[in-house]
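Asks: Dropping a structure here in structure tokens format, bear with me for questions.
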Amino acid sequence: MADSAALLEERLRTLVTDTLGQHVAQIDWLPGQLGTRRFARIRLEGGAPPSVVARIDTTEDPAGRPPGVAPEPALEPIRYLLESHGLPVPRRFGLDAAEGIALLEDVGDVSLREAAGSATRAERHALYTEACDLVPRLQRIGPTDVPAFQRRLDSELFGYKAGLFARYGLALRGSAATDAETRTIQAAFAKISAQVAGAPHRLAHRDFQSANLHVVPGGRPGSRLAMIDLQGAFLAPPEYDLVCLLRDSYVELEAEEVQEQLDRIRPELPDAPEPEGFAARFDLLTLTRKGKDLARFVQAARERGDARFLQYAPASVRALRQAAFRAADRDPDFAALADIVTSLPETTEALPCGE
């Protein structure tokens with residue numbers, strides 16, 4: 001393991017010298033997240049930039065996608081596409097495609113998740129307003145031959161999310177899902193898939209949450225945020241990225257703040273969805289998104305012994321309950337799913353970890 005780490009660092013040093021003509025002063029490995037991709041901050045000896053971030057891909061798929069669900073494509077060319085449309089993404093300084101290494105602009109350590117935790121209410125509102133304003137800009141990008149436009153939120157992905165939620169999300173109770181519960185979740189997610197299929201599908205970041213928006217050092221109001229983790233972009237209903245951001249498990253926003261941002265941004269979207277359908281899809285997509293997020297938190301704890309993300313499980317459960325109750329009020333077919341969601345605890349005490 002030590003030899004492979006030393007070899008990787010030597011590759012990073014060589015790439016920096018070959019592409020930037022600079023020497024490496026220090027390499028600091030950054031904490032990992034739910035995925036297996038690795039990141040390192042490389043501090044350079046003099047010149048500009050003073051540091052870059054190395055993004056190292058792996059061949060492992062931590063989500064365990066089933067057959068028919070394609071893995072994420074490479075970071076390029078979606079990064080360049082967004083950059084060419086003026087969206088705030090890290091610049092690329094170097095690339096070793098054979099080794100899956102990219103040298104990217106260092107956008108700092110402070111994500112919107114951290115910034116929101118220490119911000120005043122007014123500061124947080126301003127940051128979330130800036131973040132929401134990025135969504136219409138993304139959705140206005142028209143089809144190209146970039147792989148993101150061949151990927152979409154479809155029935156296979158909804159089925160995948162249903163399987164994850166049934167297998168891992170319900171384990172939060174300390175017991176496995178019954179066969180009947182699994183069938184209920186599968187049927188509900190399939191109905192959600194059918195109901196949102198008729199909505200316009202526009203370009204979406206796909207993981208547009210506070211951890212993937214960084215507050216750039218020295219940024220000015222209106223241009224403080226940079227989007228990272230771009231490779232998963234795909235086509236989705238217009239509410240999708242807003243669900244990721246405003247129903248984020250890492251930062252729980254007050255209901256009034258969520259509604260204010262939704263009311264403000266809905267007419268700015270390219271298709272200006274009508275209010276009722278927009279609200280209904282927002283709740284339905286919350287069910288599938290938060291069901292998947294909760295499952296991934298539990299999966300990391302049980303299969304990898306990584307319990308860091310379980311602290312965000314209660315927020316996921318609360319978001320699921322709110323969305324399930326509203327969905328069931330609109331359509332009794334979702335009542336059985338709401339009953340299952342109600343059975344989820346807002347604690348992780350019953351969950352055995354490290355299995």
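Asks: Any idea which of Q322, L112, P217 is furthest toward the positive side of the dipole for the chain, if Lys and Arg beta-carbons carry +1 and Asp and Glu beta-carbons -1?
Replies: Most positive-ward Cα: Q322.
Asks: How large is the charge dipole for the stretch 270-355, taken about the Cα centre, if only the Cβ atoms of Lys, Arg (+1) and Asp, Glu (-1) carry charge, to the nearest 20 debye? Don't skip to the end; give the middle numbers.
Replies: Values: 12 positive and 14 negative charges, 68 e Å.
Roughly 320 debye, rounded to the nearest 20.
Asks: Just the number, please: carbon plus sulfur as a percent of the accessible area of the stretch 228-311, 1.4 Å probe, no ligands or DNA/RNA counted. Each step should come with its number before you reach the end.
Replies: On the way: 1220 of 2670 Å².
Carbon and sulfur together cover 46 percent of it.
Asks: In the stretch 218-319, which GluC sites (Glu not before Pro) fall in coil by DSSP and have 14 or fewer other Cβ atoms within 10 Å?
Replies: On the way: sites: E239, E252, E254, E256, E257, E260, E268, E276, E303; in loops: E239, E252, E254.
Those that pass, being in a loop and sparsely packed, are E254.
Asks: Calculate the dipole size of the stretch 134-185 relative to its Cα centre from +1 charges on Lys and Arg beta carbons and -1 charges on Asp and Glu beta carbons; express the result in debye to the nearest 20.
Replies: Values: 8 positive and 5 negative charges, 46 e Å.
It works out to roughly 220 debye.
Asks: Skip the ligands, DNA and RNA, and give the accessible area per residue of the chain with a 1.4 Å probe, whole Å².
Replies: 44
Asks: Can you give me the relative contact order of the chain as a percent, contacts being Cα pairs under 8 Å and 6 or more apart? Let's see the in-between values first.
Replies: Details: 564 pairs, mean separation 57.6, N = 355.
Computed value for the chain: 16 percent relative contact order.
Asks: Let me ask something else. Order 214-223, 129-138 from most to least packed using the mean count of other Cβ atoms within 10 Å. Spell out each step's value before the answer.
Replies: Values: 214-223: 13.3, 129-138: 19.1.
By packing density, highest mean first, the sequence is 129-138, 214-223.
Asks: Roll a 1.4 angstrom probe over the protein heavy atoms and tell me the percent of accessible area of the stretch 63-199 that is carbon or sulfur.
Replies: On the way: 3350 of 6280 Å².
Of all accessible area on the stretch 63-199, carbon and sulfur atoms account for 53 percent.
Asks: Now a separate question. Ranked from the most accessible area to the least, with a 1.4 Å probe and all protein chains present, what is the order of D333, D106? Can you show the working numbers first?
Replies: Details: D333 105, D106 35 Å².
Largest accessible area first, the list is D333, D106.
Asks: Relative to the Cα centre, what is the charge dipole magnitude of the chain, using +1 at the beta carbon of each Lys and Arg, -1 at the beta carbon of each Asp and Glu, and rounding to the nearest 20 debye?
Replies: Details: 42 positive and 52 negative charges, 27 e Å.
In total the dipole reaches around 140 debye.
Asks: What figure, in Å² to the nearest 10, do you get for the accessible area of F309 with a 1.4 Å probe and non-protein molecules left out?
Replies: For F309, solvent-accessible area is about 10 Å².
Asks: With a sphere of radius 14 Å drawn around the Cβ of Y240, what net charge do the other residues whose Cβ falls strictly inside it have (Lys, Arg +1; Asp, Glu -1)?
Replies: Details: positive: R151, R152, K161, R202, R206, R247, R266, R281, R289, K290, K292; negative: D154, D207, E239, D241, D248, D271, D283, D293.
Net of charged neighbours comes to +3.
The values are calculated or read from the model by the stated rules, or taken from the named source; none is laboratory data. On a predicted model such as this, the values are computed, not experimentally measured, just so you know. Virtual Cβ from ideal backbone geometry, glycine too; neighbours counted across all protein chains shown. Side chains are part of the model used for accessible areas, which takes the heavy atoms of the whole protein and leaves out ligands, DNA and RNA. Shrake-Rupley method; radii C 1.70, N 1.55, O 1.52, S 1.80 Å.
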